[in-house]
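**Student:** So that we are looking at the same thing, I have put the structure below in structure tokens.
The numbers here are math on the coordinates, done by the rules we state, and not lab data. These numbers come from a predicted model, not from an experiment. Cβ placement follows ideal geometry from the backbone for every residue including glycine, while neighbour counts extend to all protein chains displayed.
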Amino acid sequence: MPRKPARHHRLLPVQPLTFSPFARSVARVATAYLVKHHMHDAMQQSAGLFFSLFGDEFKEKLKNVDRQSVSSEDEEFDGVVQADFAFFDPKPDDFHGVKTLLQSYLNNKQWDLSGFVDLILGQTTVGTVVKLEDDEDNGVFSIITALNLGRYKDHKCISELKEFLLNICHEKDKIGNLRSLLGDEAQKVGLLVSQCVVNLPPELLPPLYDALFDEISWATEDEPTEELRNSFRFKFYVVVSKFYKHKNANQKRSSSTDKDEAFVYIKPEDEILHKLSMWSFLFPLQTQQVATHELKNYQLTGIVMAVKAEDISSFRQQLHALINES
């Protein structure tokens, strides 16, 4: 029996998740805008359907799928795409798909992204890619993994990533903690990397994260050497992500804007991680954001979070509850 059996999930209409009606509405508008933006171009080229990656940077053609309906640019997106997804171990053939997903991982920084992808694909015992079952194009729709910052400290990409994080942290009460996790405690720190196409079915998230953390646990027992087993005994996780921040999030807003959420999370799991984090800090992004009426008061913002490994059990439970309630 394979270590990671394929799990099939039906693709549902896009329903971004947040904890309030307003935030959910904003996220839905942003998602629909991104989907429509690239669908229009895709329909000019073929009868296939394209998914767009957050940031307007990714197009992956879906072959052999039924297009139920596609909206015009002036209509609300109500399309439903039927597709079967499966989980796979990372492999070299996934290089271009994973690299595309991570293109804006460190904002617009020029860094050794290819080397970073090589590290991810080389760690086959911990990590998952999501693809369409029996897809000839071998397109990657999601990647999730955890890389030990101490184990890979001599790699150029990790050195550049650490430098990037230190340069964007301008909060005096956080920089010392960050330096510690990236330096003396790096052997205990896992860089939690998770990226997907913007409208990946949220139902995939709980089993995807369960698979990752189960694999990490198994690796502490099954890896061939003590050094490798120890490299997966994480005490902390560092997460680099993005969300929408209200322009007045740090101020007392008037009653007319009290209904607005301070943050709108693009990835539902980020809200849980943010609440569980020991500390976090924000940084500005150069990535162009979606211009919509609902997002006029929001700015696309980067966030770095540090989470204790002991809180991952709570994270998994809350993620299941969040998806089940939606």
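**Student:** Is the shape of segment 97-245 best called rounded, prolate or oblate, per the rule: a/c under 1.5 gives rounded, else a/b larger than b/c gives prolate, else oblate, with a ≥ b ≥ c the square roots of the Cα gyration tensor eigenvalues? Walk me through the numbers before you get to the answer.
**Tutor:** Details: a/c = 1.66, a/b = 1.19, b/c = 1.40.
It is oblate, given that a/c is not under 1.5 and a/b is not larger than b/c.
**Student:** Just subtract the alpha-carbon distance of D93 and R229 from 0.36 nm times their residue separation and send over the number in nm, one decimal. Kindly include the intermediate steps, with their values, before the conclusion.
**Tutor:** Numbers: separation 136, 0.36 × 136 = 48.96 nm, distance 2.64 nm.
Answer, rounded to one decimal: 46.3 nm.
**Student:** Counting pairwise Cα distances across segment 157-241, what percent come out greater than 20 angstrom? Don't skip to the end; give the middle numbers.
**Tutor:** On the way: 1701 of 3570 pairs.
Here the long-distance tail beyond 20 Å is 48 percent of all Cα pairs in segment 157-241.
**Student:** Now a separate question. Are there GluC sites (Glu not before Pro) in segment 292-326 that DSSP puts in a loop and that have at most 11 other Cβ atoms within 10 Å, and which ones?
**Tutor:** Answer in residue order: no site qualifies.
**Student:** Between D112 and A321, what is the label-point separation in nm under the 7 Å Cα-to-beta-carbon projection?
**Tutor:** So the two model labels end up 4.3 nm from each other.
**Student:** In whole Hz, with x marking every Gly and Pro, tabulate ³J(HN,Hα) for segment 314-326 from phi via Karplus 6.51 cos²θ - 1.76 cosθ + 1.60, θ = phi - 60°.
**Tutor:** Once θ is set to phi - 60°, the couplings for segment 314-326 become 5, 4, 4, 5, 5, 5, 4, 5, 4, 5, 5, 7, 6 Hz.
**Student:** Using 0.36 nm per residue, how much length does the chain from T292 to R179 gain when fully extended, once their Cα-Cα distance is taken away? Write out the running numbers ahead of the final one.
**Tutor:** On the way: separation 113, 0.36 × 113 = 40.68 nm, distance 3.78 nm.
Result for the pair: 36.9 nm of gain on full extension.
**Student:** Right, another one. Please work out how much length the chain gains when fully extended from E163 to D214, using 0.36 nm per residue of separation minus the C-alpha to C-alpha distance, in nm with one decimal.
**Tutor:** Details: separation 51, 0.36 × 51 = 18.36 nm, distance 3.03 nm.
Using 0.36 nm per residue and subtracting the Cα-Cα distance, I get 15.3 nm.
**Student:** Further question on the same structure: Based on Cβ point charges of +1 for Lys and Arg and -1 for Asp and Glu, what charge dipole magnitude is obtained for segment 201-242 about its Cα centre, in debye rounded to the nearest 20? Mind showing how you got there, number by number?
**Tutor:** Numbers: 4 positive and 9 negative charges, 71 e Å.
In debye, rounded to 20, segment 201-242 gives about 340.
**Student:** What dipole magnitude, in Debye to the nearest 20, does segment 147-225 give about its Cα centre under +1 on Lys/Arg Cβ and -1 on Asp/Glu Cβ? Mind dumping the intermediate values first?
**Tutor:** Numbers: 8 positive and 14 negative charges, 104 e Å.
Result for segment 147-225 is approximately 500 debye, rounded to the nearest 20.
**Student:** List the trypsin sites (Lys or Arg not before Pro) within segment 80-183 that fall in a DSSP loop (any state other than H, G, I, E or B) and whose Cβ has at most 15 other Cβ atoms within 10 Å. Intermediate values should be presented prior to the final figure.
**Tutor:** Values: sites: K99, K109, K131, R151, K153, K156, K162, K172, K174, R179; in loops: K109, R151, K153.
Of the trypsin sites (Lys or Arg not before Pro), the ones in loops of segment 80-183 whose Cβ has at most 15 other Cβ atoms within 10 Å are K109, K153.
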